[in-house]
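The values are calculated or read from the model by the stated rules, or taken from the named source; none is laboratory data. Quick caveat: nothing in here was measured; it's all calculated off a predicted structure. Note that we place each Cβ from the backbone using ideal geometry, even for glycine, and neighbour counts take in every protein chain shown.
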Amino acid sequence: MKAVTTAFLLLLFCGSGLGASESLGSDEFEGRKDATPRLILNPFGIFGNPSCTYNGDEGRCYGEVECLALAGNYGAFCPGLQGLCCLFYRTCGQRTSQEVAYFRNLHWPLEDQSSSACSFKVIRRSDKICGLKVQAEKVDLPSHSSNCVSTFIHITGAGIRKPMPLCGRSTGINYSIDFRHVESVNVHVNSSTRSSAAWNVKLTQVPCADFTGESVPPTGGSIGGGGGAVAVGGGG
């Protein structure tokens, strides 16, 4: 019994350390494509990691220790013995390989002063992933024209066509990009001003069985959005 307790405490300690370093982007735990840690950290992993929701956000069911090890935030219990609903919130300078993650400004839902350098990496979870769905849950960025010249969010590193950048008030905009031929993509927030900005972008890795192709709008033109605009193309 003493040996079992010691082993559990060791896993808890190691898990907490992994979570802290991974959230800063200095650890490779999340980026690994094998599932071996799940069998060690999550006794409920034998039931898989089904989708769940907590306070309106989507997550996956994990055991408490593994959720913390992955730098997740756990909410309510999942049905049966599937663990807790674990949600993954990330900000500038961090990364994720989770099926669903939210990229937010540091003090979300409060605004932050936008800076010229902010990047976030999405690591392709496995070869079974073919697409990346981008959903602007809320994007409220300063924009002084319809061409996103002030502050905008754009994605680089994947897709046949350049994904459109998000700018102005882009809440509700969503599209999918091809994620089959790269290991990761980067989400950048570029700004030429120091105005206040807030964003919450949901990123979902789409299994090949569910991926129906890119849904990036044709390049050229723009889409209005509540006083701002979303420029199409030119994502760089």
List every residue pair whose Cβ atoms sit under 6 Å apart, with the two residues 6 or more apart in sequence or on different chains, where the first one lies in the range 157-173 and is over 16 Å from Asn200 (Cα atoms) and the second, anywhere, is polar (S, T, N, Q) and at pLDDT 75 or above.
Gly157/Asn186
Just one of (1) in the same structural domain as Ala158 (by TED's automatic domain parsing); (2) touching a residue at least 24 places away in the same chain (Cβ under 8 Å); (3) more than 28 Å from Gly213 (Cα to Cα) trips up Arg125, so point out which.
(3)
Gly63 passes all but one of (1) under 29 Å from Val182 (Cβ atoms); (2) not assigned by TED's automatic domain parsing to the domain that holds Leu141; which number fails?
(1)
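The rows are residues; the columns are (1) of a type in the set (Val, Ile, Thr); (2) touching a residue at least 24 places away in the same chain (Cβ under 8 Å).
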{"site": "Gly56", "(1), (2)": "no, no"}
{"site": "Leu68", "(1), (2)": "no, yes"}
{"site": "Ala71", "(1), (2)": "no, yes"}
{"site": "Cys78", "(1), (2)": "no, yes"}
{"site": "Gly83", "(1), (2)": "no, yes"}
{"site": "Thr91", "(1), (2)": "yes, yes"}
{"site": "Arg95", "(1), (2)": "no, yes"}
Kindly list the number of the only condition in (1) at pLDDT 60 or above; (2) buried (at least 20 other Cβ atoms within 10 Å of the Cβ) that fails for Asn42.
(1)
Wholly enclosed strands (runs of 3 or more DSSP E) of the range 61-132 bearing at least 2 residues surrounded by fewer than 16 Cβ atoms within 10 Å (Cβ to Cβ):
73-77
A careful count of residues in the range 174-206 that are part of a strand (DSSP E or B) and aromatic (Phe, Trp, Tyr) gives 2
For Pro142, the lone unmet condition from (1) in contact with a strand residue (DSSP E or B) (Cβ under 8 Å, 6 or more places away or on another chain); (2) assigned to a loop (DSSP other than H, G, I, E, B); (3) at pLDDT 90 or above is (3)
